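Colleague: Handing you this structure, nothing more for now.
Bear in mind these aren't lab numbers, they're just calculated from the coordinates by the rules spelled out. This structure is a prediction, so every number in the text was calculated from the model and none was measured. Heads up, the Cβs are rebuilt from the backbone with ideal geometry, glycines too, and the neighbour counts pull from every protein chain shown.
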Amino acid sequence: MDFLDEIEASVPALRRYARALTRNADRADDLVQDCLERAISRRGLFAPTGSLEAWLFRILVNLWRNMTRSERRRGEHVTLDDLTTEPSVAPAQPGRIALAEMSRAIDRLPLEQREVLLLVVLEGKSYEEVAHVLSIPMGTVMSRLGRARSALRSLTGGGDEPRLRSVK
């Protein structure tokens, strides 16, 4: 498979991961576009010792980290479309409420834990691949993932806490 064909095959996974990181379709597309531009312009830096997709994910993660550091210094840019108010009554669909609760809980995780969780759960990457993408030891991947899962359980009320039942 050609270099550009491999990059093209990786785009859907990159977009999913970028969308999960940014929580904004436009920012995710910009992030993926920057990643692809950097990968193609620096094609000579790719060492074929690992997979091309892992290299692309590493570029994307580094761009994301740089973007979040920059936003922290400048303050996040919020568009007028994002300033809508929340409805005063929560929707009645339990599944949608649970998804919204999980989404908010994932957003509250520290960046390092969220990166690992999304690569393992959303993208289905192995611990070894995640360690390679994020340039961290595999033990760190496992501990961050464990801490992320534990935090999600406590943030979403899972575990030992009593849960409310739906009565029909």
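Colleague: Phe46 to Thr68: extension gain in nm, 0.36 nm per residue of separation minus the Cα-Cα distance?
Modeller: Values: separation 22, 0.36 × 22 = 7.92 nm, distance 2.50 nm.
Extra length available between Phe46 and Thr68 comes to 5.4 nm.
Colleague: I'd like the FRET efficiency for Ala9 and Glu112, computed as 1/(1 + (r/R0)^6) with the beta carbon distance as r and R0 of 22 Å, rounded to 0.05.
Modeller: Details: r = 28 Å, r/R0 = 1.27.
The value I calculate is 0.20.
Colleague: Can you compute 3J(HN,Hα) from phi for each residue in the stretch 123-134, using the Karplus curve 6.51 cos²θ - 1.76 cosθ + 1.60 with θ = phi - 60°, rounded to whole Hz and x for Gly and Pro?
Modeller: Each residue's phi maps through the Karplus curve to give 8, x, 6, 6, 4, 5, 5, 5, 4, 5, 4, 8 Hz.
Colleague: A further question on this structure: Tabulate in residue order the Karplus-calculated ³J(HN,Hα) for the stretch 99-112, using 6.51 cos²θ - 1.76 cosθ + 1.60 with θ = phi - 60°, rounded to whole Hz; enter x for Gly and Pro.
Modeller: 5, 5, 5, 5, 4, 5, 5, 5, 4, 7, 5, x, 3, 4
Colleague: If you rank Thr49, Thr140, Thr22 by fewest surrounding Cβ atoms within 10 Å, what's the result? Show your work: numbers first, answer last.
Modeller: Values: Thr49 6, Thr140 15, Thr22 18.
So the residues, fewest neighbours to most, are Thr49, Thr140, Thr22.
Colleague: What are the ³J(HN,Hα) values, in whole Hz, obtained from phi via the Karplus relation 6.51 cos²θ - 1.76 cosθ + 1.60 with θ = phi - 60°, for each residue of the stretch 23-28 in sequence order, with x given for Gly and Pro?
Modeller: Per residue, the Karplus-derived 3J(HN,Hα) values read 6, 8, 4, 5, 5, 5 Hz.
Colleague: Could you give the nm distance between label points at Met142 and Ser103, where each point is 7 Å from its Cα heading toward the beta carbon?
Modeller: 3.4 nm
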